[in-house]
Amino acid sequence: MTTNLSDSDYTRSVQSLINQIQQNSTRKDSFFELAQIYYTSCQADAGTLRTCQANLKGAEEYLETVSESKREYAQKQVKKFARELKDEEQKQTNDRQLRYKCLANICVNVLRLTEGKNLQQTNLKSSKLLATLFMLSSTESSNRQQMHHLYKPLYKAVLSLRLLDKMLLEGKLNNTYITSRFDSNTRFSQKAGSYSQFQLDVAIPVIIAALLQDIGMQHPEAQRLLKGADSSQDEFRVLEKETRTILLIINHEQTQDFLTNGIGISKYEGDDPEKKQRFEKKQLNRMKFVSGLLLDAVKPSENSIGNIIKIPQIYSSFVLSTKPTYRFLDLPNVVTVLNNSAKHAFICSQANECFIQLVGYFPLGLGVLYVQPHDIGEKLNNYFYGIVTRLSPEHPKTPTCRRISISKDISDNPKDFTLLESNNLFFDTPKHCLDEMSPEDLVTLRNTHMRQLNETKLPEINEGFWNPHHYFSISKHQILWD
C-alpha cells in the first residue's frame, strides 16, 4: 500500500500487518488475496482431484481383470495414477497449509501488537493500535473508501478481543467453551513469544472469526455483483436491497466453505498417534468455535456469542465507513446506531452496554477541543486540542485524552487527562465560556494553533472536534502513548 506518511517504527509495523491481511499486490500473498485465489481455483482443483481418483480407480479395476500378458503394464498404470493422486492431494494440502500459516501468522501479530502481560497493558496496546488505524486513515482523500476497506478487518478484530474480555470480566458470557477456558490469572501470557491456553483456544479463534466475517465477498460471484461483469461498477455504491440480500447469503455460505475447505486445521508434525489425535481434536474444536461465532453473528440472539464480532462489525462499518458519503462530524452518533440496533434486537443489549463502556462516545484517535476545568464559569480567551487515546473511559461521555496544544497555561497539567463533559467543546454549554471572544480573536487564536500543530486547517470551535490525520502523519507526533 502506498502512503505519503513519515511513519515511525510502530506505524510501519501496523501497515505491515494491514498488508498481511489485505492489499492489492502483484505478489498476491495477502490473506484476502489468497482467499480470492482459492475461490477462483477451488472448483478446478476439485475437478482435478476427482479425475485423479477416477483414473486410479479405473486402473485398479483394470488390474483386477487384465490378462497376465498385460499385468505389468496395468501395474505401472496403477502406480502412475496413485502417484498423480498423491501429488495432487499434496499440492492442495500445501496450498491449504499456506493459507492456514498466513492466517496463523496474522493472529500472532495481532496478539503481539494488542496484548500484554495483564489487562492494563492490553488495553493500552489495543488503544494504541485502534487510534493509530483511525488516524492513519484519511477521511478526506480520494481513496478514503478503499483505505477504510483495508483497515476495517484489523480494527474489527481488535475490538472483538476487547469486547470478549469486557464481557468475561463482567460475567456477561455464559458460553461453556469460553468460560471453561477462562481464568483471569492465566488469561494473558507472562512470557514474550509464548501464548496462554486461553489465547490459543479462544482469543485466536475470535480474531479468525472477525477477519473471516466478510471473506466470502472475495468469491467471484460476489465480486461480480459488487463490481459488475466488466468490473466497471463502484463496489462501494449503495446496493439495492435484493442485491444486498443475495450478497449476504453468498458471503455466509462461502465464508463457511473457506473456513472448512480453504483453511482447515494445522498439520500435525510428529509420529505419535495419540498426540496427533489430541492435537487434531483441539484444532477441530477451535474451528468449530469459529464456525459457531460466524453463524451466530448473522443474527445474534440476546445471549449469542455472535455479538462478540457482530457489534464491532457495526461499529467499524460506521467509524471506518466505505459509503459514498462520509461525515466526520457524525462520528459520535455511532453510539446512537448501536443503541438502535439493540433496541430492535439486532444485537444483545447487555453486550452493547459493555461495548459502549469500552469505547465510549468518541472513537479512539478522534481529535477533541476543550477548555480548562478551572476556568469553567469564567469568560475565556483560549481553548485547547487533544486526542482520544484510551479504551474504557471512566464514563462513555468522558474520554481519556492526550493533550496536544502547547501553552504556558497548561504546561504543568498532565499530558493524559479525563475530558469532562463540562469542558468538552463538542457539547454546547462549554462553548459559552468563549462567547466574549471576537471573531477576529478567534481567527487569530485558530491560526496560532495551526502553527503549533503543523496543521494546514483546523475546525471552528462550533464543530467541537477535529481530524488529527495530518498531525499524526508527522512521525514526531506519533508518540502519544509514552
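Laboratory data are not the source of any read-out in this text; all were calculated from the coordinates shown. Just so it is clear, the model here is predicted, and its values are computed rather than measured. Don't worry about glycine lacking a Cβ; one is built from the backbone with ideal geometry, like all the others, and counts go over all protein chains shown.
Starting from the range 260-336, pick out the GluC sites (Glu not before Pro) whose DSSP state is loop and whose Cβ has at most 13 other Cβ atoms within 10 Å.
Details: sites: Glu269, Glu274, Glu280, Glu302; in loops: Glu269, Glu302.
Loop-located and lightly packed - Glu269, Glu302.
Full extension of the segment from Asn447 to Asn462, taken as 0.36 nm per residue of separation minus the current Cα-Cα distance, would add 3.8 nm. Remark on Asp416: its backbone amide H falls under 5 Å from those of Arg403, a criterion applied only to residues 5 or more positions apart or on other chains, H modelled at 1.01 Å from N.
The label-point distance for Lys276 and Asp9, in a model that sets each label 7 Å from Cα toward Cβ, rounds to 4.3 nm. Between Tyr326 and Arg50, take the C-beta separation as r, use R0 = 56 Å, and let me know the FRET efficiency to the nearest 0.05. In this case the efficiency is close to 0.70.
Rg then Dmax, both in Å and based on the Cα atoms of the range 20-107: 18.6, 59.
Can you spot the lysines whose alpha carbon is less than 25 Å from Lys415's alpha carbon? Ignore those fewer than 8 places along the same chain. List returned: Lys117, Lys125, Lys128, Lys379, Lys397, Lys431, Lys457, Lys476.
Computed from phi, the 3J(HN,Hα) profile of the range 230-238 under the Karplus parametrisation 6.51, -1.76, 1.60 (θ = phi - 60°) reads 10, 6, 9, 8, 6, 5, 9, 5, 6 Hz, with x in place of Gly and Pro. Restriction of the trypsin sites (Lys or Arg not before Pro) in the range 274-328 to DSSP coil positions whose beta-carbon has at most 15 other beta-carbons within 10 angstrom yields Arg327. Take every pair of alpha-carbon atoms less than 8 Å apart whose residues are at least six positions apart; their mean separation over the length of the range 138-326 yields a relative contact order of 32 percent.
Expressed as a fraction of 2.2 N^0.38 Å, the value expected for a compact globular protein of N residues, the C-alpha radius of gyration of the range 367-477 is 1.01. Estimated translational diffusion coefficient (Stokes-Einstein, Kirkwood radius over Cα pairs, 10 °C, 1.306 mPa s) of the chain: 63 µm² per second. Backbone geometry of the range 56-61 corresponds, through the Karplus equation with coefficients 6.51, -1.76 and 1.60 at θ = phi - 60°, to 3J(HN,Hα) couplings of 5, 4, x, 5, 5, 5 Hz, x marking Gly and Pro. Taking label points 7 Å from Cα along the Cα-to-Cβ direction, Gln197 and Glu140 give a separation of 5.3 nm.
For the range 138-326, taking Cα atoms only, Rg and Dmax work out to 18.6, 58 Å respectively. With neighbour counts taken as other beta-carbon atoms within 10 Å, the residues Leu364, Leu453 rank, fewest first, as Leu453, Leu364.
As a length-normalised measure over Cα pairs under 8 Å and 6 or more apart, the relative contact order of the chain settles at 15 percent. With a cut-off of 20 Å on the backbone N, the residues of the range 284-328 near the modelled label site 7 Å out from Ser266 along Cα-Cβ are 284-292. Taking Cβ atoms as reference points and 14 Å as the exclusive limit, the residues near Arg327 contribute a net charge of -1, counting Lys and Arg as +1 and Asp and Glu as -1. Footprinting exposure proxy ranking of Cys354, Cys102, fewest other C-beta atoms within 10 angstrom first, gives Cys102, Cys354. Cα-based count: Lys pairs in the range 20-107 below 14 Å, eight or more positions apart or different chains? The number of close lysine pairs in the range 20-107 is 4.
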